Amino acid sequence: MLLIAIALFFTILSIIEYRRLQAARLIIDNQILYICQAKIIAKNRKEKSIDVYISCFGILLDFRLIRFNQNNVYLKSVEISNDFIYLAYGRDDRSQTIQLLHSPIGEGELADVMERFQYETGIIPKMIR
């Protein structure tokens, strides 16, 4: 009986991790923007360099997965400049903001990224100079 319970436990964990892997693949395959070695600033003001993938399905911050349009979590706003991106996401009653610092983006690529955000998410990014 104990072996069956352990096997069931590991099967459930495997299914959960497989779903996370599928969501991460979906984000990577449909990325709007990939930032290699982005610096993320959390609320406690600690900086950390990570790889970031952003798509209309969510954000992949190294191993942290933020899914949009599931469990009432939605992308609310996007602000882009040459050096950073602010992403606000969350539920209706509360939201979180992520500031991603990245290497400078050229004007042409920046316009392309803003157009892809609008086309794929329906949110019009705000340009910050």
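The values are calculated or read from the model by the stated rules, or taken from the named source; none is laboratory data. Since the structure is predicted, the reported quantities are computational estimates derived from the model, not experimental observations. Cβ atoms come from the backbone with ideal geometry, glycine included; neighbour counts cover every protein chain shown. For the accessible areas, the whole protein counts, side chains as well, though only heavy atoms, and no ligand, DNA or RNA atoms are used. Shrake-Rupley method; radii C 1.70, N 1.55, O 1.52, S 1.80 Å.
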In whole percent, and with a 1.4 Å probe on the protein chains, what portion of the accessible area of the chain is carbon and sulfur?
55
Residue span ALA7 to ILE123: 0.36 nm per residue of separation minus Cα-Cα distance leaves a gain in nm of 37.3 nm
Convert 37 °C to kelvin, take the viscosity as 0.692 mPa s, use the Kirkwood radius over C-alpha pairs of region 8-129 as Rh, and evaluate the Stokes-Einstein diffusion coefficient in µm²/s, rounded to a whole number.
217
Only helical DSSP H runs with n ≥ 4 go in: add -39500 (n - 2.57) per run for the chain, normalise by residue count and round the 222 nm mean residue ellipticity to 500 deg cm²/dmol.
-11500 deg cm²/dmol
Cα centroid distance between region 81-117 and region 1-80, in Å?
17
Stretched out fully, how many nm does the piece from ASN30 to GLN70 gain, at 0.36 nm a residue minus the Cα gap?
12.7 nm
GLN118: net charge of surrounding residues, Cβ under 14 Å, Lys/Arg +1, Asp/Glu -1, itself excluded?
-2
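First measure r as the distance between the Cβ atoms of ALA88 and GLU47, then evaluate 1/(1 + (r/R0)^6) with R0 = 22 Å and state the FRET efficiency to the nearest 0.05.
FRET efficiency, ALA88 to GLU47: 0.65.
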Determine the gain in length on full extension of the stretch GLN37-LEU21; use 0.36 nm per residue of separation and subtract their C-alpha separation, reporting nm with one decimal.
3.7 nm
When the charge dipole of the chain is computed with +1 on Lys and Arg Cβ and -1 on Asp and Glu Cβ about the Cα centre, the Cα farthest towards its positive end, among SER103, ILE4, TYR86, belongs to ILE4
